[in-house]
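Data first, discussion second: the structure below is written as structure tokens.
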Amino acid sequence: MKKVLFLVLMGSSIALTSFSYSQKLNDSGPTPQPHPRQVIMTQEKFSEEGGDNSLSLNEVSAKAMRGFLRNHKDVTDVKWFRTPNGMTAAIFTSNGIRMFEYYDKNGDFEYSLHYYKEDKLPRDVRHVVRSRFYDFSIYQVTEVKRNNKIAYVIKLEDKAIWKTIKVVDGEIEEIDELIKR
């Protein structure tokens, strides 16, 4: 019965939303949704918009909260936010690593982003990068965890070039290269 009531309420809210879009005179329709890669908010974006998007603990899904607490027992400085696409994000620092964890609308874990320097990079990944880019220094690592896979997006630089590479399962892919002036 609860599921039926929920579906009826959801259907009516979708119908009302569609109706409200069709009644606007100068509107060409709903605003296009950003590509999923565009909704990853950076640390700076969360800082700027923290007041608008921050959530109190009772607004966080119980399922997301349980999953978070199961994996991060000792974290005390967590802040919860709502992203533009409706996901819930937990932002915190653990062992000197700035972490963002994203949960979908049902409270299921989607992915996490960990930001750190070279000294926190796993040895095997560092070895793969250093053996190919030995003249470059590593100045930022973003570790992305999703669907039980880990990808490392690594920012490198030497005297003349900045590079961005991605390392997944020991395989390196160059993403971007900029020449310094």
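The values are calculated or read from the model by the stated rules, or taken from the named source; none is laboratory data. Here the structure is a predicted model, which means the values were calculated and not measured. Heads up, the Cβs are rebuilt from the backbone with ideal geometry, glycines too, and the neighbour counts pull from every protein chain shown.
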Check segment 78-101 and report whether any residue there is of a type in the set (D, E, K, R) and under 30 Å from K180 (Cβ atoms).
yes
Which of the residues that make up segment 57-82 are of a type outside the set (S, T, N, Q) and assigned to a loop (DSSP other than H, G, I, E, B)?
V60, H72, K73, D74, V75, D77, V78
Could you count how many residues in segment 54-106 are over 15 Å from the mean Cα position of the chain (by Cα) and among the polar types (S, T, N, Q)?
9
Restricting to segment 145-171, and then to whatever is aliphatic (A, V, I, L, M) and under 23 Å from I97 (Cα atoms), can you tell me which residue is farthest from the chain's Cα centre (by Cα)?
L156
Could you tell me whether any residue of segment 149-157 is outside any strand (DSSP E or B) and without any contact (Cβ under 8 Å) to a residue 60 or more places away in the chain?
no
Scanning segment 77-110 residue by residue, those touching a strand residue (DSSP E or B) at 6+ places or on another chain (Cβ under 8 Å) and among the polar types (S, T, N, Q) turn out to be T83, T88, T93
Sole exception among (1) in a helix (DSSP H, G or I); (2) touching a residue at least 24 places away in the same chain (Cβ under 8 Å); (3) not assigned by TED's automatic domain parsing to the domain that holds D169 for N85, by number:
(1)
Residues of segment 145-181 that turn out to be surrounded by 15 or more Cβ atoms within 10 Å (Cβ to Cβ) and acidic (D, E), as a count
1
Could you please find all residues in segment 28-56 being touching a Phe, Trp or Tyr at 6+ places or on another chain (Cβ under 9 Å), under 18 Å from M99 (Cα atoms) and modelled with pLDDT of 50 or more?
N53, S54, L55
Please go through segment 78-117 and pick out each residue that is buried (at least 16 other Cβ atoms within 10 Å of the Cβ) and in contact with a Gly (Cβ under 6 Å, 6 or more places away or on another chain).
F109
Taking into account only those residues within segment 126-144 that are part of a strand (DSSP E or B) and surrounded by fewer than 16 Cβ atoms within 10 Å (Cβ to Cβ), which is nearest to the chain's Cα centre (by Cα)?
Q140
